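Worksheet for the structure shown next.
The values are calculated or read from the model by the stated rules, or taken from the named source; none is laboratory data. Note that the structure is predicted; figures quoted are calculated from it, not measured. All Cβ positions, even for glycine, are placed from backbone atoms using ideal geometry, and neighbour counts span all protein chains on display. Remember, those area values only see protein heavy atoms, side chains included, never the ligands or the DNA or RNA. Shrake-Rupley method; radii C 1.70, N 1.55, O 1.52, S 1.80 Å.
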Amino acid sequence: MSLHDDVEEVLLDADAIANRVAELGAQLTADFGDRDPVLVSVLKGALPFLADLMRAMEMPVSIDLMEVSSYGAGTETSGQVRILKDLSRSIEGRHVIIVEDIIDTGLTLNYLLKYLADKAPASVRIVCLLDKPARRLADIPIDYRGFEIPDRFVVGYGLDFDERYRNLPYIGVLKPSVYGGAPPEG
Ligand code: IMP
């Protein structure tokens, strides 16, 4: 039984992702030059994107990782998130680039933007691989975007369903039989 058998459709294959990540890396290199930015990523979904993007940036960068979890379903629309792992170094005076896997409702990032802005960085920019605008609840200023995708639940290249499929090298849509019934909420 292969993970691939659970995939109904491949939306973005590994080559398409690699090409776009290379373009984003080149753009960030041109824009940030010698400003020594810190790439801040949110565990766990953004890991493959972070790993590939940082190697496409031909300049000094640092990285830092956060882990967050949403509060229970009832309060989700408030956009309140709990920080499970905080930054390991100060970002005061630094140029921060938030590296995200996917922006769906935008509530997670909306919270993070405010949280990071309070720490007096020199600037904060957002790069996301996937933008799913259909369900957006918070207006997020996305500075760099890999792909806009339709309102479908996707897995692979870091994205999971129930902690699985993160290691698929492409981004695909699961067969409905895998989750049985309505597609999961992002
Ligand atoms: P937001 O706060 O609704 O923008 O949610 C962002 C987070 O939800 C992402 O970092 C993902 O972890 C998760 N998510 C949203 N859509 C999907 C999807 O289609 N597949 C897998 N995870 C998703």
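Consider region 167-186 and keep the residues that are among the hydroxyl-bearing types (S, T, Y) and at pLDDT below 90. The one that is most open to solvent (accessible area, probe 1.4 Å) is S177. Assessment of region 158-166 against the conditions (surrounded by 18 or more Cβ atoms within 10 Å (Cβ to Cβ), within 11 Å of the ligand (Cβ to nearest atom), under 14 Å from the mean Cα position of the chain (by Cα) and acidic (D, E)) yields no matching residue. Evaluation of K85 against the conditions (1) more than 16 Å from the ligand (Cβ to nearest atom); (2) modelled with pLDDT of 95 or more; (3) open to solvent by 60 Å² or more (accessible area, probe 1.4 Å); (4) not aliphatic (A, V, I, L, M) shows that the sole unmet condition is (1).
Within region 108-125, one or more residues are in a strand (DSSP E or B) and open to solvent by 60 Å² or more (accessible area, probe 1.4 Å). Answer yes or no: is there a residue in region 106-123 that is basic (K, R) and away from the ligand (no atom under 14 Å from the Cβ). Yes, region 106-123 has at least one match.
If you check D64, D101, which single one turns out to be within 25 Å of L168 (Cα to Cα), in contact with a strand residue (DSSP E or B) (Cβ under 6 Å, 6 or more places away or on another chain) and more than 11 Å from the ligand (Cβ to nearest atom)? After applying the criteria, what remains is D64.
May I ask you to list the residues in region 129-144 that are hydrophobic (A, V, I, L, M, F, W, C) and within 9 Å of the ligand (Cβ to nearest atom)?
Restricting attention to region 129-144, the residues satisfying the condition of being hydrophobic (A, V, I, L, M, F, W, C) are 129-130, 134, 137-138, 140, 142.
L130, L137, A138, I140 - these are the residues of region 129-144 that are hydrophobic (A, V, I, L, M, F, W, C) and within 9 Å of the ligand (Cβ to nearest atom).
Among the residues of region 126-146, those that are open to solvent by 40 Å² or more (accessible area, probe 1.4 Å) and either assigned to a strand (DSSP E or B) or in contact with a helix residue (DSSP H, G or I) (Cβ under 7 Å, 6 or more places away or on another chain) (or both) comprise L137, R145. Among the numbered conditions (1) modelled with pLDDT under 95; (2) within 13 Å of the ligand (Cβ to nearest atom), the only one that F147 does not meet is (1).
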